[in-house]
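The values are calculated or read from the model by the stated rules, or taken from the named source; none is laboratory data. The model shown is predicted, which means the values in this text are computed figures rather than measured ones. Every residue, glycine among them, receives a Cβ derived from its backbone with ideal geometry; neighbour counts consider all protein chains shown. Surface areas here come from the heavy atoms of the whole protein model, side chains and all, with no ligands, DNA or RNA. Shrake-Rupley method; radii C 1.70, N 1.55, O 1.52, S 1.80 Å.
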Amino acid sequence: PLISASSRKEEEKIAEILSTWDKAIETVEKLVANSQQQKKALMQQLLTGQKRLLDDNGVKFGDEWEEPTLGEIANVYQPKTISQEMLNESGYPVYGANGVIGFYSDFNHETEQIAVTCRGSTCGVINWTEPKSWITGNAMVINVDDNPIINKKYLYYVLSGSNLKYLISGSGQPQITGNIKKHRILAPSTIEQEKIAQVLTLADREIDLYNQQLDKLKLEKKSLMQQLLTGQKRVKVVA
């Protein structure tokens, strides 16, 4: 036979080992999907007032929610764009139409910001930028640094769960203009906003941890495959 019994047994053993890794990867993928579903359900309930949280005294919040426009609660603007040639491989992160697009020697925002992509195919996508970042004119900044009544992370989650497609104009080059200032949001008291933001931030952390675990498992499986399928690492086979 072309393949000896021992070789066949070794192949079977390798397949068995890799199958164990596949099962582990599949399990964590399910955990990621479940966590994302739970977060989605939480957002739908918490950001609409359908489910109310408890205050520090253990009493359910009961205040009426307001419905301000973004223009009423935030400084909404398009920052200055820098050219592609000015981007570097290191420095401060630069946010464009597709999240971080490179780095620059300077930043135009000291604090983290909510940046809404306002040009191109990703129009309407919400980014949470890092502190000390350069945000380009391909994004619209919803800056609430001067508004202590609005919790920035709460507003980020509200916008992330909103469908902003109705604001997009132009077919050749889709864009969102200053009309975003008229977009209305639901806003409970500042304390309730903070509580909601905390719950959703914890949900995000759980998703991140599972994703990190998933990346690690995939990397380990890839490394193991390289070793086992090239004979670099051999498995013990009982004769």
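Which pairs turn up if I take residues in the stretch 29-52 that are closer than 27 Å to residue 184 by Cβ and look for partners that are β-branched (Val, Ile, Thr) and surrounded by 12 or more Cβ atoms within 10 Å (Cβ to Cβ) with beta carbon separation below 8 Å, at least 6 apart in sequence or on another chain?
36/207; 39/207; 42/199; 46/196; 46/199; 47/158; 47/196
Yes/no per residue for (1) surrounded by fewer than 19 Cβ atoms within 10 Å (Cβ to Cβ); (2) of a type outside the set (Gly, Ala, Ser); (3) within 22 Å of the chain's Cα centre (by Cα):
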{"residue": "165", "(1), (2), (3)": "yes, yes, yes"}
{"residue": "173", "(1), (2), (3)": "yes, yes, no"}
{"residue": "181", "(1), (2), (3)": "yes, yes, no"}
{"residue": "192", "(1), (2), (3)": "no, yes, no"}
{"residue": "204", "(1), (2), (3)": "yes, yes, yes"}
{"residue": "211", "(1), (2), (3)": "yes, yes, yes"}
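When you check residue 82 against the structure, is it assigned to a loop (DSSP other than H, G, I, E, B) and open to solvent by less than 50 Å² (accessible area, probe 1.4 Å), yes or no? Steps first, answer last, please.
On the way: assigned to a loop (DSSP other than H, G, I, E, B): yes; open to solvent by less than 50 Å² (accessible area, probe 1.4 Å): yes.
Yes: the conditions hold for residue 82.
Pairs, please: C-beta under 7 Å, at least 6 apart or cross-chain, first residue more than 21 Å from residue 153 (Cβ to Cβ) and in a loop (DSSP other than H, G, I, E, B) and in the stretch 105-125, second among the hydroxyl-bearing types (Ser, Thr, Tyr) and open to solvent by 50 Å² or more (accessible area, probe 1.4 Å)?
Filtered contacts from the stretch 105-125: 106/92.
Please go through the stretch 126-143 and give me each residue that is touching a residue at least 40 places away in the same chain (Cβ under 8 Å), closer than 19 Å to residue 73 by Cα and buried (at least 20 other Cβ atoms within 10 Å of the Cβ), ordered by number. Write out each step before concluding.
Quick first cut of the stretch 126-143, residues touching a residue at least 40 places away in the same chain (Cβ under 8 Å) only: 132-143.
With closer than 19 Å to residue 73 by Cα added as a condition, the list becomes 139-143.
Result: 139, 140, 141, 142.
If we keep just the residues of the stretch 55-74 that are more than 16 Å from residue 195 (Cα to Cα) and touching a helix residue (DSSP H, G or I) at 6+ places or on another chain (Cβ under 7 Å), which is most open to solvent (accessible area, probe 1.4 Å)?
That would be 71.
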